[in-house]
Amino acid sequence: MSLGAIMDKDTINHKNEPFYTKAKQQGYRARSAYKLFEIQKKYNIFKRSFYILDIGSAPGSWLQVAKKFAEENLTKYQDRHYHREEYKILGVDIKKVSPIEQVDTMKLDITNPSSIIKIQTFLEGEKFDLVLSDASIKKSGNKFSDQVRQVKLCLKILDILYLLKSKGNLVIKLFQGEDFKRVHRAMKAKFHFVKSYKPRASSKKSNEIYIIGLNKK
Ligand SMILES: C[S@@+](CC[C@H](N)C(=O)[O-])C[C@H]1O[C@@H](n2cnc3c(N)ncnc32)[C@H](O)[C@@H]1O
């Protein structure tokens with residue numbers, strides 16, 4: 001399938017934007033890839049990350065980025081400290097993700113309890129080193145109710161952090177607004193280091209923001 005057919009609508013709607021051109025040239029399925037690169041540059045979230053869960057992964061650009069770093073990590077961290085012999089990446093979304101070699105995907109709703117059982121089966125008793133969530137609710141246009149729904153989704157995701165190993169990292173997308181502090185506080189209870197960050201690649205018009213949690217308690 002051609003990259004054009006896979007690229008997400010949001011990316012295609014920004015055709016005149018430098019990140020759109022860059023994504024197309026470099027073979028990324030969405031310009032969101034550059035948000036994750038910026039987050040990595042600032043917070044080094046992929047350090048020693050081999051088992052990675054990407055929630056809300058369609059069309060798949062974060063999976064492409066995750067695969068790049070996980071692959072590099074196999075040779076980069078062959079030392080006596082924490083490392084794994086293989087990487088495992090799972091992308092989950094309510095939409096289907098076109099295949100990416102050596103990356104697993106599942107079409108599921110993360111808020112559904114049966115989805116968690118499927119993810120646990122995938123993990124075979126292990127835990128993730130890194131959880132990414134760029135998942136976002138379908139916006140209605142009402143900023144207030146959209147933000148409330150997005151917060152609800154984020155809190156559900158925070159509830160499944162028993163799938164993340166201790167000292168693991170999380171990146172989660174939120175919308176700025178009233179309940180932002182609620183998620184920030186919940187993150188503070190779970191991670192030693194918590195910061196919010198708006199990458200340059202995130203459109204100025206959008207109220208999205210990412211919360212980064214490092215070093216899970
Ligand atoms: C902005 S897109 C993600 C883009 C992706 N990070 C990339 O780089 O290609 C947000 C995704 O979240 C997904 N999503 C929203 N709610 C979800 C849920 N409850 N469970 C799983 N995926 C969900 C949507 O279907 C959508 O594909």
Q: Evaluate 2.2 N^0.38 Å with N set to the residue count of the stretch 3-216, then give the Cα radius of gyration divided by it.
A: 0.97
Q. Given +1 on the Cβ of Lys and Arg, -1 on the Cβ of Asp and Glu, and no further charges, what dipole in debye does the stretch 60-99 carry about its Cα centre, rounded to the nearest 20?
A. 140
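Quickly estimate the mean residue ellipticity at 222 nm for the chain, helices only: each DSSP H run with n ≥ 4 gives -39500 (n - 2.57), and the total goes over all residues, rounded to 500.
My calculation for the chain gives -11000 deg cm²/dmol from helical runs alone.
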(Q) Show me, for the stretch 76-85, the HN-Hα J-couplings you get by feeding each phi into the Karplus relation (A = 6.51, B = -1.76, C = 1.60, θ = phi - 60°), rounded to Hz, glycine and proline as x. (A) 5, 10, 8, 9, 7, 8, 4, 7, 10, 7
Q. Listed here are the pairs Lys22/Lys188; Lys107/Lys217; Lys152/Lys195; Lys22/Lys42; which of them are more than 28 Å apart at the Cα?
A. Lys22/Lys188; Lys107/Lys217
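Quick one: length gained pulling Gln120 to Asn44 fully straight, 0.36 nm per residue minus the C-alpha distance?
Extra length from Gln120 to Asn44 when fully extended: 24.8 nm.
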Q. Which percent, to the nearest 5, of DSSP beta bridges fully inside the chain are antiparallel?
A. 40
**Q.** Most positive-pole-ward Cα, Gly27, Ala186, Val92, against dipole of the chain from beta carbon charges
**A.** Ala186
Q: Run the quick spin-label model on Arg182 and Tyr77: label points 7 Å from Cα toward the beta carbon, then report their separation in nm to one decimal.
A: 3.4
**Q.** Among 161-169, 80-88, the order from most to least packed when residues are scored by Cβ within 10 Å on average
**A.** 161-169, 80-88
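Remind me, relative contact order of the chain in percent, using alpha carbon pairs under 8 angstrom and six or more residues apart?
18
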Q. If contacts are Cα pairs under 8 angstrom and at least 6 residues apart, what is the relative contact order of the stretch 171-217 in percent?
A. 51
(Q) Can you give me the Kirkwood hydrodynamic radius for the stretch 28-106, using every pair of distinct Cα atoms, in Å to one decimal? (A) 12.9
**Q.** Most positive-pole-ward Cα, Gly168, Ser196, Phe37, against dipole of the chain from beta carbon charges
**A.** Ser196
Q. Taking every pair of alpha-carbon atoms in the stretch 53-179, what share in percent sits in each 10 Å bin, from 0 to the bin with the longest distance?
A. 12, 42, 33, 11, 2, 0
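The numbers here are math on the coordinates, done by the rules we state, and not lab data. Owing to the predicted nature of the structure, the values given are computational and were not obtained by experimental measurement. Here Cβ is always computed from backbone atoms with ideal geometry, including for glycine, and neighbour counts include all displayed protein chains.
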